[in-house]
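The structure under discussion appears below in the form of structure tokens.
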Amino acid sequence: MSARRASLVDAQQASQCVTAALNALSDRRAQADAPLDYARRVRNPWTRDLAVELALEIDRACPGFETHRHEVAAKMGPINRALPELGVRLAEGGPYPVSWRIYAPDDSALLEQPCVIGAQWRGQWPHLSRTCDDLAQTRASLRVLATQADPDRDVDGMALATACAYRISAFAPPREPVLLAFYAPEGGWRSQAGFSLYAYQTGERTLTPLASG
């Protein structure tokens, strides 16, 4: 994040890892439940599993554990699945639902924060707007909003996806990358369960729909 050196993980690579994790999360859980089944639980299993899938993807796509240490922090709770040995550290807690951080190998310094995910599964605007405000004020190469809501739903005359993007843009510096992920359960507004994804850059007027699972 310092201008004096290149990023260890840029926003594009972070977006690719998060997109892969979201698709893996959807494949894993879509036949069983949906995020809103647990919306009032602090330790929503979709959030926990998103953190795990992100760690697995980082472990696959971002080697370099000799020179720095990747960490994925979330409100984890018990992980009820067998995991391979990971070079990525899974940490409990943190100020955000899910955050990806890179530390020096001896943990003496935080080197950068490639991604922060606001996993606000409740899709009502009051909840989403507050999460957008939180994302806008964090320092990260990529800001991600994940929710269960129809991105085309009307909010004060604009689509929900656009309203979320503009809300983040209102309080974030310009030209900052944002990824918006809207989950539809079986029988929802998509033809099949999965995430509708949008790329956005703060200060811009348009969002770019992305291919999604």
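The values are calculated or read from the model by the stated rules, or taken from the named source; none is laboratory data. Every value quoted in this text rests on a predicted model; they were computed, and no experiment measured them. With ideal geometry, Cβ positions are generated from the backbone for all residues, glycine too; neighbour counts draw on all protein chains shown. For the accessible areas, the whole protein counts, side chains as well, though only heavy atoms, and no ligand, DNA or RNA atoms are used. Shrake-Rupley method; radii C 1.70, N 1.55, O 1.52, S 1.80 Å.
Okay, here's what the table says:
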item	result
Residue 189-residue 41 FRET efficiency (beta carbon distance; Förster radius 25 Å; 0.05 resolution)	0.55
Sequence of 53, 176 when ordered by accessible area, the most exposed leading, probe 1.4 angstrom	176, 53
Percentage, to the nearest whole number, of Cα pairs in the chain over 31 Å apart	15
Region 152-213 pair-distance distribution - Cα-Cα, 10 Å bins, rounded %	23, 48, 25, 4
Cα point-scatterer Debye curve for region 69-185, base-10 log of I(q)/I(0) at q = 0.13, 0.15, 0.21, 0.23 Å⁻¹	-0.56, -0.72, -1.15, -1.28
Within a Gaussian network of the chain (alpha carbon springs, distance under 10 Å), most fluctuating of 108, 15, 129	108
Computed helical MRE - 222 nm, the chain, DSSP H runs ≥ 4 contributing -39500 (n - 2.57), nearest 500	-9000 deg cm²/dmol
Probe 1.4 Å, protein heavy atoms only - accessible area per residue of the chain in square angstrom	48
The chain - percent of accessible surface contributed by carbon and sulfur, probe 1.4 Å	47
Centre separation in Å (Cα based) which lies between region 58-115 and region 130-161	24
Computed lengthening from residue 31 to residue 124, 0.36 nm per intervening residue step minus Cα-Cα distance	31.1 nm
